[in-house]
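Please read the structure below before turning to the comments.
Laboratory data are not the source of any read-out in this text; all were calculated from the coordinates shown. Since the structure is predicted, the reported quantities are computational estimates derived from the model, not experimental observations. Using ideal geometry, Cβ is built from the backbone for each residue, glycine included, and neighbour counts are taken over all protein chains shown.
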Amino acid sequence: MPIPKPNERYTYQDYCTWPDEERWELIGGIAYDMTPAPTFLHQTVAGNIFRLLGNALQGKSCVPGIAPVDVVLSEEDVVQPDVFVVCDPQKITGQNIQGAPDLVIEVLGPATAKKDHWEKKLLYEKHGVREYLLVEPEALYVMRYILGEDRQFGHYEVFGAREPLPLRSLEGIEIPLWEVFGIDKDQPEVKRGPRGR
């Protein structure tokens, strides 16, 4: 199949025909190109989160995942969150995740920040993701949205790099954010300079 075109609508069946070496997401049937590849900093932060979650979830029923893994929310919504946790084993197949994860974490970068803040936030809210984290690796903070009883994300909370982040969707688990960002908790704060995605 030819490369997806902007503003044309596609389905998961179309998505499955696209070349494996290309990374795409579908939001509302619109194709989003996932290139260029993430930076080393982006991948380091995502890897740290995945490792910390994996260690914390040992012996529990919830399972962490890391991109690139397809999360199929509907026929027109297929995404590859940077890190996620699924607590319902029926959603996990050999090929992908079928349905909303309990926790979704996106690591922000210049190429993806707008989409992560707007389109993906609305998408995750619509499909019932219980907790959504936006990680800013340059400015060293995390924004958290919690799905309310009205099935909407309320106001966000902000956590700094030297704080523990208690996860509301995973009872009893918290992430030490200084380990996520790879900093010494007791050293004076120094912000990183800007880098690519």
Filtering GluC sites (Glu not before Pro) in segment 57-117 by DSSP loop and by at most 14 other Cβ atoms within 10 Å leaves 75
What shape does segment 44-97 have by the C-alpha gyration tensor, where a ≥ b ≥ c are the square roots of the eigenvalues, rounded means a/c under 1.5, and otherwise prolate means a/b greater than b/c and oblate the rest? oblate
Cα shape, segment 21-62, gyration tensor, a/c 1.5 rule: oblate
I'd like to compare 119-127, 96-104: which one has the highest average count of other Cβ atoms within 10 Å, and what's the full order after that? 96-104, 119-127
Residues residue 76 and residue 168, FRET efficiency given R0 of 41 Å [Cβ-Cβ distance, rounded to 0.05]: 0.90
How high is the relative contact order of segment 108-154, in percent, counting Cα pairs under 8 Å that sit 6 or more residues apart? 32
Return an integer: the convex hull volume of the alpha-carbon atoms of segment 80-123, in Å³ per residue. 75
At 10 °C and 1.306 mPa s, the Stokes-Einstein diffusion coefficient in µm²/s for the chain, with hydrodynamic radius from the Kirkwood sum on alpha carbon pairs, is 92
Highest-first arrangement of 35-42, 132-139, 65-72, where packing means the average Cβ count within 10 Å: 132-139, 65-72, 35-42
Note to self, the chain gives a 222 nm [θ] from helices alone (DSSP H runs n ≥ 4, -39500 (n - 2.57) apiece, / all residues, nearest 500) of -5500 deg cm²/dmol
Relative contact order, percent, segment 1-103 [alpha-carbon distance under 8 Å, six or more residues apart]: 24
Given 0.36 nm per residue, what is the gain on full extension from residue 179 to residue 122 after removing their alpha carbon distance, in nm? 17.6 nm
Defining a contact as two alpha carbons under 8 Å apart and six or more residues distant in sequence, what relative contact order in percent does the chain show? 17
For the chain, take the longest principal axis of its alpha carbons; what is the angle in degrees between that and the long axis of helix 40-56, to the nearest 10 within 0 to 90? 80
Quick calc, residue 186 & residue 114: beta-carbon distance into FRET formula, R0 30 Å, rounding 0.05, result 0.30
